[in-house]
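Have a look at the structure below before the remarks.
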Amino acid sequence: MRTKHRTTLVLILLITAMLWGCSPNETHTAAPSLTPTDISTSTATTAPTASPTPTPTPLPLNGQQTQYFIEANIDYYNRFITASSRSIYTNKTNSPINEMVFIIYPTIFQNAIYIKSVEYGDGSDITNYRWESHRMVIPLEEPLAPGDQIEFVHDFELYMPNREGVFGQTGRQLNLAYWFPFIPPRTDDGWMAYEISIINSQIVGEHLVFESTDFDVTIRFADRRENFKIAAGTLPEEIDDVIHYQMPLSRTFTLSISDIYTLTEREANGIKIQSFAFPEEASAGEAAADLAAKAITLYSDLYGSPERNLVSIVEADFLHGMEFDGLVLLSRGFYMFYNGTPETNLTMITPHEVSHQWFFSLVGNNQAMEPWLDESLATYSEALFYEEYHPELVDWWWANRVDGHSPAGYVDNTIYLDGGYEAYRNSVYLNGAHFVQDLRETMGDEAFFSLLKDYVKTNRYTIVSSSDFWSLANDHTQADLTPIITEYFSHATTP
Ligand SMILES: [Zn+2]
């Protein structure tokens with residue numbers, strides 16, 4: 001569900017059009033090549049020894065994940081935040097890095113961020129950076145060798161735009177997604193950094209790719225702390241109004257804050273659920289908590305532990321749903337039209353977004369170029385939810401959620417496909433659900449569910465590719481998967 005509010009779109013379109021105007025070699029209509037954007041000025045320093053292994057080794061970890069130490073002071077009623085973010089980055093690739101890249105998402109919105117200073121860890125100023133779209137590119141004085149570490153400090157101010165969205169503030173909610181400078185994943189081919197896809201004035205999919213990283217975040221309020229409820233992806237420690245979060249191995253650190261939230265708490269499989277809603281929809285907020293608890297119970301059984309202590313479900317003051325690590329935002333429309341029956345968007349989309357805790361948070365993927373890896377599985381997870389809890393409505397789910405929208409198109413479309421948002425949804429999400437159903441029928445239930453469990457376990461905290469998926473699928477079945485790939489995929493990715 002990615003239907004963006006129209007006014008938001010116009011704003012973003014105007015602003016991004018300005019950004020694109022600054023980089024004439026990029027247009028929003030041309031689909032990028034299948035290789036990641038390599039922003040670094042790759043010199044001829046390809047590794048002289050040991051050629052890369054044939055299959056990409058899992059990204060980061062071994063304690064080398066990027067670490068962010070962030071301090072923020074939030075002036076809610078003045079919509080103003082001062083913050084400092086220290087990033088510690090280790091080169092986990094086999095080649096030296098000549099330029100560092102930070103994605104600074106708030107620059108997409110006019111005057112939403114002011115970068116006060118950028119420094120190296122030793123306090124020396126960095127002034128030679130340049131902008132490429134919404135990315136800050138920092139040429140390094142000397143290349144960062146494989147295994148070496150580097151540290152940056154960004155001091156910045158956020159002037160929260162008055163808008164409905166994942167980054168913005170309305171009269172009743174402050175949403176802080178992608179709010180600090182962050183480093184995209186890097187492979188030996190370059191940075192995994194992409195442009196937003198806007199086709200026919202609509203944003204298509206998500207263009208950001210995230211590594212699993214460690215977050216240490218401290219926030220304080222300029223106003224009276226007791227006024228606010230804070231939704232986050234993990235539970236804080238709070239001493240004297242200083243609120244401290246530690247969230248290891250997470251792809252995002254997102255907050256949603258309001259002075260009017262109602263809060264419903266549940267627990268499922270040892271995982272706490274906090275459901276935040278606006279007072280008018282408090283009972284739908286309770287229903288969302290129950291739905292999330294059921295979803296977590298089912299998916300923990302099917303996919304394994306999500307390795308989280310909290311999932312926050314938040315009624316969003318905008319009209320789509322969006323997943324983050326440990327937190328999901330769900331359209332207020334789902335709450336306003338919730339009628340207490342399972343034949344509703346709230347019942348369909350809450351499990352969808354919760355399932356992204358496995359297919360996005362735990363197992364990452366390239367959301368711009370291979371969005372099917374999380375979205376087809378998240379959409380099919382809805383079907384599994386109905387199969388478990390409302391088996392009499394499985395046919396209803398297929399008819400209303402999928403087949404009523406004429407699913408068609410290649411499941412492995414990118415967010416830059418020609419047809420825009422509807423073609424994207426109809427292929428990646430909806431035809432994606434049919435693909436997963438066909439895969440299940442071809443493999444048989446036992447092999448199919450053992451594949452999914454193994455897929456999550458094997459690939460947690462990494463960024464998977466299509467070939468990782470197919471190679472593991474073939475390990476779990478003797479069945480010939482070629483007909484499915486031929487029917488649903490544009491690229492033959494049989495290993
Ligand atoms: Zn999704």
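The values are calculated or read from the model by the stated rules, or taken from the named source; none is laboratory data. All figures in this text were calculated on a predicted structure; none of them were measured in a lab. Cβ atoms come from the backbone with ideal geometry, glycine included; neighbour counts cover every protein chain shown.
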* **strands (runs of 3 or more DSSP E) within the range 137-242 that include 2 or more residues in contact with a helix residue (DSSP H, G or I) (Cβ under 9 Å, 6 or more places away or on another chain) and within 17 Å of Val314 (Cβ to Cβ)** => 167-170
* Asked: So which residues in the range 341-390 are more than 12 Å from the ligand (Cβ to nearest atom), over 15 Å from Leu452 (Cβ atoms) and assigned to a helix (DSSP H, G or I)?
  -> Asn345, Leu346, Thr347, Tyr386, Tyr389
* So how many residues does the range 315-336 have that are surrounded by fewer than 23 Cβ atoms within 10 Å (Cβ to Cβ) and out of contact with any helix residue (DSSP H, G or I) (no Cβ under 8 Å at 6 or more places or on another chain)? -> 1
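Answer with yes or no whether Ile219 is free of Cβ contacts under 8 Å to residues at least 40 places away in the same chain and either in contact with a strand residue (DSSP E or B) (Cβ under 9 Å, 6 or more places away or on another chain) or surrounded by fewer than 22 Cβ atoms within 10 Å (Cβ to Cβ) (or both).
Taking the combined requirement at face value, the residue does not satisfy it.
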* To do: Answer yes or no: is there a residue in the range 444-465 that is free of Cβ contacts under 8 Å to residues at least 12 places away in the same chain, acidic (Asp, Glu), away from the ligand (no atom under 16 Å from the Cβ) and assigned to a helix (DSSP H, G or I).
  => yes
* Structure fact -> Across (1) at pLDDT below 95; (2) under 13 Å from Ala295 (Cα atoms); (3) of a type in the set (A, V, I, L, M), Leu319 clears everything bar (2)
* Identity of the residue in the range 300-320, touching a Ser or Thr at 6+ places or on another chain (Cβ under 6 Å) and not in a strand (DSSP E or B), that ends up nearest to the ligand (Cβ to nearest atom) -> His320
* Residue identified as part of a helix (DSSP H, G or I) and either within 13 Å of the ligand (Cβ to nearest atom) or over 24 Å from Glu307 (Cα atoms) (or both) among Gly409, Gly432 -> Gly432
